[in-house]
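The values are calculated or read from the model by the stated rules, or taken from the named source; none is laboratory data. These numbers come from a predicted model, not from an experiment. Methodologically, a virtual Cβ is constructed for each residue, glycine included, from the backbone with ideal geometry; neighbour enumeration extends over all protein chains shown. Ligands, DNA and RNA are stripped out before the accessible areas are found, and what is left, the full protein with its side chains, is counted by its heavy atoms. Shrake-Rupley method; radii C 1.70, N 1.55, O 1.52, S 1.80 Å.
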Amino acid sequence: MTFTEELHKRKTFGIIAHPDAGKTTLTEKLLLFGGAIQTAGAVKSNKIKKATTSDFMEIEKQRGISVATSVMTFHYRDKLINILDTPGHKDFAEDTYRTLTAVDSVIIVVDSVKGVEEQTRKLMEVCAMRKTPVIVFVNKLDREGRDPFDLLDEVEKELHIRTRPLTWPINRGSLFKGVYDLANKSLNLFKASTTRVADDVVAISDLNDPYVDQHCGKTDADKLREDVEMIEGVYDPFDREEYLKGNLAPVFFGSAVNSFGIQEMLDTFVDIAPTPQGRESDKRFIEPEEPKMTGFIFKIHANLDPKHRDRIAFMRIVSGKFERGKYYHHVRLEKDFRFSTPVTFMASDKNIVDEAYPGDVVGLYDTGNFKIADVLTEGEDFQIRGIPAFSPEIFKELINTDPMKAKQLEKGISQLTDEGVAQLFTQQPGNRKFVGTVGELQFEVIQYRLLHEYGASCRFQPISMTRACWLRAKDPQKLEEFIRFKQTSIVNDKDGNIVYLAPSDWFLKMERENNPDIEFHFNSEFKTERNDAMGYVPYGK
Ligand code: G4P
């Protein structure tokens with residue numbers, strides 16, 4: 001197979017959902033459809049079901065499971081599909097944000113009973129920043145859910161995206177009859193079954209076919225005709241270009257646990273989802289077709305075995321062909337590395353891989369050389385853009401409780417924050433260290449890992465900061481003045497960028513009004529012309 005054929009064969013996407021909407025179930029069903037697994041139950045949920053903060057090993061074990069299921073590959077029709085798993089637990093949302101930088105499209109699962117929930121809203125903001133194409137799967141139609149038109153309205157309003165239903169449910173809950181495929185004019189009748197793979201799809205010439213009345217009952221058949229007339233009247237025909245630009249989300253209805261309504265979505269996904277896309281760098285756009293290999297690290301996972309401090313760095317290939325054993329240039333460290341045992345992931349198995357193509361994710365064993373957003377090339381120097389750090393939501397000061405172990409603590413916190421589990425901010429003078437996360441759980445995980453992996457004991461002291469803003473000003477003097485004036489709230493991130501920690505949104509608003517010459521950015525990648533072109537939304541817009 002030629003390089004171009006390999007490239008066009010691939011689709012790399014992520015599934016996002018609020019916990020419990022059915023992400024794990026849908027993932028599993030997709031793998032069943034693709035023949036990657038044979039039985040239901042093979043995909044373990046990486047959900048941290050117990051939100052207790054005391055059982056760290058449990059958390060780590062569950063995070064461990066998420067490594068095995070981090071990337072799942074399956075074949076469907078003539079395509080090779082990579083699903084990048086995203087942790088559902090909100091305290092690991094940072095991981096999810098990063099993973100979204102490595103996908104080319106997403107499927108959003110919405111629970112038909114609960115509608116759009118908080119976590120989905122937040123993750124969609126990240127997709128919107130990058131204009132990631134989105135397909136919506138409305139799940140749990142076998143339950144007494146909400147009116148489908150209301151759900152579409154809610155998706156449009158809450159997720160700020162236009163929708164276009166491509167299937168339509170016939171009643172719901174205990175009266176759920178199935179879905180009507182608007183494009184193919186076929187009826188898929190519902191039978192509750194958690195094991196089936198193929199659907200009973202019947203093509204009908206038009207909705208007035210008596211078959212519809214026979215199988216759905218006159219009331220539901222009439223309602224379906226009415227709904228479909230309304231849809232065709234209100235919505236424009238589906239426009240793939242608009243979908244690819246991230247402006248329009250096709251919507252499917254079904255029941256993941258019953259493997260129902262998934263095939264329609266999967267077939268459409270294979271037809272419309274983008275092939276591996278290039279990425280913007282600080283120098284130029286990297287096209288996937290380029291012969292030279294480029295890849296970036298979007299996730300780092302620690303080894304669970306404390307005797308081996310090695311980690312797995314997950315690299316998304318952007319261009320060219322990756323080959324095992326070949327030397328690649330680590331741009332940040334200005335050193336060349338070769339990888340003798342790169343791995344790919346297959347349900348719960350890891351396999352050594354000899355070559356990989358754009359859209360693929362390879363796991364590289366790492367002894368501490370990688371941090372999130374690092375780039376490997378065949379010699380060229382650039383940074384891939386679009387992998388910013390976002391403002392954490394909770395900030396605490398790191399206090400060393402064992403002065404004899406200051407070095408271990410320093411090294412430990414530096415390595416753990418390289419993994420992306422939290423962000424580290426340092427204040428000078430004084431070398432005070434602040435750690436920012438998106439969830440309380442992270443602090444306890446960090447404290448536990450510092451002690452067990454680095455022998456360093458610490459505690460976290462709450463501070464009254466709620467938001468990090470990366471600062472920039474056209475006039476360096478103005479920035480210096482602001483820094484001097486706000487010294488106690490100014491810190492540096494790990495790359496040396498100047499960051500202002502704000503005690504509240506109200507305070508931040510005031511500072512912005514009082515300091516019109518200072519730019520406050522909500523992520524570490526400042527607004528540039530390139531970011532504009534990529535659709536970055538500046539703060540306040
Ligand atoms: P998540 O990964 O998004 O957190 O959700 P997950 O797939 O684990 O699904 C959450 C719960 O919703 C599970 O039940 C799952 O069986 C159920 N579920 C998924 N799809 C459907 C559906 O179409 N209809 C109905 N009625 N339920 C669905 P659970 O009781 O939490 O777990 P389990 O014991 O059934 O595995």
Practice task
Identify the single condition in (1) over 25 Å from GLY368 (Cβ atoms); (2) touching a Phe, Trp or Tyr at 6+ places or on another chain (Cβ under 8 Å); (3) among the aliphatic types (A, V, I, L, M) that MET510 does not satisfy, given that it satisfies every other one.
Solution key: (2)
Handout entry: Boolean, SER105 is under 21 Å from THR86 (Cα atoms) and touching a strand residue (DSSP E or B) at 6+ places or on another chain (Cβ under 6 Å)
Key = yes
Problem - Residues located in segment 263-282, provided they are open to solvent by 10 Å² or more (accessible area, probe 1.4 Å) and closer than 21 Å to ASN184 by Cβ - result: GLN263, GLU264, ASP267, THR268, ASP271, ILE272
Exercise for the section: Give segment 240-295 a look and list any residue that's away from the ligand (no atom under 16 Å from the Cβ), among the polar types (S, T, N, Q) and in a helix (DSSP H, G or I), or say none. Expected result: THR268
Handout entry: Output for segment 384-397, where each listed residue is modelled with pLDDT of 90 or more and surrounded by fewer than 21 Cβ atoms within 10 Å (Cβ to Cβ)
Key = ILE394, GLU397
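Residues checked against (1) over 26 Å from LYS23 (Cα atoms); (2) open to solvent by 10 Å² or more (accessible area, probe 1.4 Å); (3) in the same structural domain as VAL109 (by TED's automatic domain parsing):
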site	(1), (2), (3)
GLU241	yes, yes, yes
LYS245	no, yes, yes
PHE252	no, no, yes
ARG284	yes, yes, no
PHE298	no, no, no
ARG316	no, no, no
Exercise for the section: Can you work out which of the residues in segment 470-496 that are in a strand (DSSP E or B) and out of contact with any Ser or Thr (no Cβ under 7 Å at 6 or more places or on another chain) is most open to solvent (accessible area, probe 1.4 Å)? Expected result: ARG472
Fill in the blank from the handout: Quick count over segment 431-460, residues being touching a residue at least 60 places away in the same chain (Cβ under 8 Å) and more than 30 Å from the chain's Cα centre (by Cα), is 2
Handout entry: Members of segment 436-454 that are at pLDDT 90 or above, open to solvent by 30 Å² or more (accessible area, probe 1.4 Å) and farther than 26 Å from GLN119 by Cβ
Key = LEU451
Exercise for the section: Kindly list the number of the only condition in (1) under 24 Å from the mean Cα position of the chain (by Cα); (2) open to solvent by less than 30 Å² (accessible area, probe 1.4 Å) that fails for PHE260. Expected result: (1)
Handout entry: Of residues in segment 97-113 being among the β-branched types (Val, Ile, Thr) and either modelled with pLDDT under 80 or within 12 Å of the ligand (Cβ to nearest atom) (or both), the one most open to solvent (accessible area, probe 1.4 Å)
Key = VAL113
Exercise for the section: Kindly indicate whether GLU144 is within 18 Å of VAL257 (Cα to Cα) and surrounded by fewer than 21 Cβ atoms within 10 Å (Cβ to Cβ). Expected result: yes
Practice task
Determine whether segment 186-205 contains at least one residue that is modelled with pLDDT of 90 or more, at negative phi and either under 32 Å from the mean Cα position of the chain (by Cα) or part of a helix (DSSP H, G or I) (or both).
Solution key: no
